[in-house]
Amino acid sequence: MPRSRVITWEVSGSQGFETAWVQCGDGILSGRGRAVGTVPEPYWISYELDTAEDFVTRRLRVTAEYAGGTRLLDLRHDGAGRWTANGARLPDVDGALDCDLGLCPLTNTMPVLRHQLHLTPGEREFLMAWVSVPDLTVAASRQTYTALGRGRVRFVSGDFRRDIAFDDDGFVLDYPRLATRFGSDTT
C-alpha cells in the first residue's frame, strides 16, 4: 500500500527550499513538488514526477519561472529506454532509467530504492537524464552510487562527490552542500 509523505528540504545549493508531496509503495513513486531558489539565479520550480514499476521514471513535468521567462519541460521515458523532451527525441539519454532534476533531492530516491543501496551493500553505475535548473535543458549524466553502510550512499558524477544520508524509506536526509531535510514528515 502506498505511503503518503510531505518532505521539506533547505536547499543550500540553490539558497532556497523545496517541498515534495510523495506517494511511495509497491515499487512505484509519484510526487509533486515546489522549489524556490536564488542560485544560479532567482527561480520558482513546480514539478510532477511519476515512475513505473521498479521506480523507473515514466514522466517528469516541470515548470520554471525566472527572469528569462517561463519554461516548460515534459520529459518522458517510454519504458523501452527511449526518452523525449517536449516531444523531441533525446538519443543521448537512451538507456537511462531515471531522471535527475538539478538541485532536487527527491530524484536521488529512485535508483537508491530500486537497488536498496540505503540498506544493503552494493555499487551501481547509472546513466541519468539530468535536468538543469532553471533553464530545464536535458543532458546525459553518468553517476555512481555506492552503499557505505545503512543510510549512507556515496554519489559520484565526474569530479563531483558527496556522501548522502538517507532515511530507512530511501529519502534524502542530508546531501552535503546541497540539501538538508528539516521539520517532520506528514504520514
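The values are calculated or read from the model by the stated rules, or taken from the named source; none is laboratory data. Keep in mind it's a predicted model, so treat the numbers as computed, not measured. Neighbour counts run over all protein chains shown; Cβ positions are idealised from the backbone, glycine included. For the accessible areas, the whole protein counts, side chains as well, though only heavy atoms, and no ligand, DNA or RNA atoms are used. Shrake-Rupley method; radii C 1.70, N 1.55, O 1.52, S 1.80 Å.
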Got a sec? Which of Ala80, Ala67 is open to solvent by 40 Å² or more (accessible area, probe 1.4 Å), of a type in the set (A, V, I, L, M, F, W, C) and in contact with a Pro (Cβ under 8 Å, 6 or more places away or on another chain)?
-> Ala67
Inspect region 118-136 for any residue being aromatic (Phe, Trp, Tyr), surrounded by 13 or more Cβ atoms within 10 Å (Cβ to Cβ), within 24 Å of Ala20 (Cα to Cα) and touching a residue at least 40 places away in the same chain (Cβ under 8 Å) and give the result as yes or no.
-> no
Unique match (being open to solvent by 20 Å² or more (accessible area, probe 1.4 Å) and aliphatic (A, V, I, L, M)) among Ala88, Ala35, Ala20, Ala96 | Ala88
Take the residues in region 1-17 that are surrounded by fewer than 20 Cβ atoms within 10 Å (Cβ to Cβ) and hydrophobic (A, V, I, L, M, F, W, C), then tell me which one is modelled with the lowest pLDDT.
-> Met1
Go through (1) exposed (fewer than 15 other Cβ atoms within 10 Å of the Cβ); (2) assigned to a strand (DSSP E or B) one by one and return the number of the condition Leu173 breaks.
-> (1)
Would you please name the residue that is farthest from Leu136 (Cα to Cα), looking only at residues in region 26-85 that are free of Cβ contacts under 8 Å to residues at least 12 places away in the same chain and not in a strand (DSSP E or B)?
-> Ala80
Has region 87-109 got any residue that is touching a helix residue (DSSP H, G or I) at 6+ places or on another chain (Cβ under 9 Å) and in contact (Cβ under 8 Å) with a residue 60 or more places away in the chain?
-> yes
With the condition kept exactly as written, say whether any residue in region 104-114 is over 24 Å from Ile28 (Cβ atoms), modelled with pLDDT of 95 or more and assigned to a loop (DSSP other than H, G, I, E, B).
-> no
